[in-house]
1. Enumerate the amide H contacts of Arg91 below 5 Å, restricted to partners 5 or more residues apart or on another chain; note that Pro and chain-start residues carry no placed amide H.
2. Apply the Karplus curve 6.51 cos²θ - 1.76 cosθ + 1.60, θ = phi - 60°, to the phi angles in segment 138-155 and return the couplings in whole Hz, x for Gly and Pro.
3. How large is the dipole of segment 127-190 about the Cα centre if only Lys and Arg carry +1 and Asp and Glu carry -1, each at its Cβ, rounded to the nearest 20 debye?
4. Rank by packing, highest mean first: peptides 57-65, 140-148, with packing defined as the count of other Cβ atoms within 10 Å averaged across residues.
5. What list of ³J(HN,Hα) values in whole Hz, one per residue of segment 48-64 in order, does the Karplus curve 6.51 cos²θ - 1.76 cosθ + 1.60 (θ = phi - 60°) give from phi, with Gly and Pro shown as x?
Amino acid sequence: MSPFVAGCCRAYRRIARAFPHPYRAICGDGLEQLGEDLVPRVWQQQGVVGLIRLFGDLALRLPCEHFSTWADRLREATMADDFFEGTWRARQSEPSLWKIDRPAPQQAYLRFEPTDTGYLMTAYGVVNGEACAERPQMIIADGRRRPLLDLSGRPIPGVPAGAMTFGSRPDPQILELGAEVDGQVLRAGRYEVSADGNTLIVTNKGSGPRGPFEVVMVLERVVPDPYRA
């Protein structure tokens with residue numbers, strides 16, 4: 001490989017590394033490897049004109065990808081159409097109230113995905129240094145009572161037979177959820193988003209297989225959303 005072609009390969013790698021992190025996270029090292037493969041071939045087949053076209057395309061794509069990344073972040077930061085949608089992370093600077101017979105998580109996340117009837121809520125995090133996740137929960141805040149079942153419509157292990165779940169949305173920024181069986185409260189939860197849409201306060205209390213529990217967490221919106229396509 002001639003010094004000129006080797007220099008073009010190095011230049012391609014440097015430009016490839018300047019692409020925004022979300023783009024590189026998808027492509028991995030493929031963009032840099034593409035330069036290693038293409039530059040010598042383009043030089044051999046098309047000469048200087050081919051290299052100009054190759055680098056011109058890369059140079060045009062670079063600002064477009066940066067603009068797209070910042071536009072996504074701005075859209076997520078200013079989103080007002082849905083206060084809950086997205087990923088939320090528990091603040092480490094504000095200790096959570098964790099009155100429950102199991103270890104408190106070192107990291108805790110909530111994710112709300114909109115559905116035709118409400119949200120699919122997923123809770124996950126790190127407990128005792130190991131990743132863990134709770135059973136996804138469907139939230140339908142229309143005030144109606146429904147059997148407390150899993151997403152497949154089957155009974156949930158540990159949940160008493162005949163348990164009912166219900167939810168309401170008294171305000172666009174508030175979700176209230178509950179579950180009970182034979183008049184006994186199994187769970188009562190409140191999810192409230194701040195006026196600026198960046199903070200979520202979660203309060204959950206009730207009675208489970210291990211006895212009474214109460215959890216209060218303060219979470220902050222994760223921007224950009226790591227699950228956003």
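1. Amide H neighbours of Arg91: Val218, Leu219, Glu220.
2. The phi angles translate into 8, 10, 10, 9, 10, x, 7, 9, 9, x, 7, 10, 7, 5, 8, x, 10, x Hz.
3. Using Cβ point charges on Lys, Arg, Asp and Glu, segment 127-190 gives about 180 debye.
4. Output ranking for 57-65, 140-148: 140-148, 57-65.
5. Those phi angles translate into 5, 4, x, 5, 4, 5, 4, 6, x, 5, 5, 5, 6, 5, 4, x, 5 Hz.
Laboratory data are not the source of any read-out in this text; all were calculated from the coordinates shown. Worth saying up front: this structure is predicted, and the values here are computed from it rather than measured. FYI the Cβ positions are ideal-geometry reconstructions off the backbone, even for glycines, and counts take in every protein chain you see.
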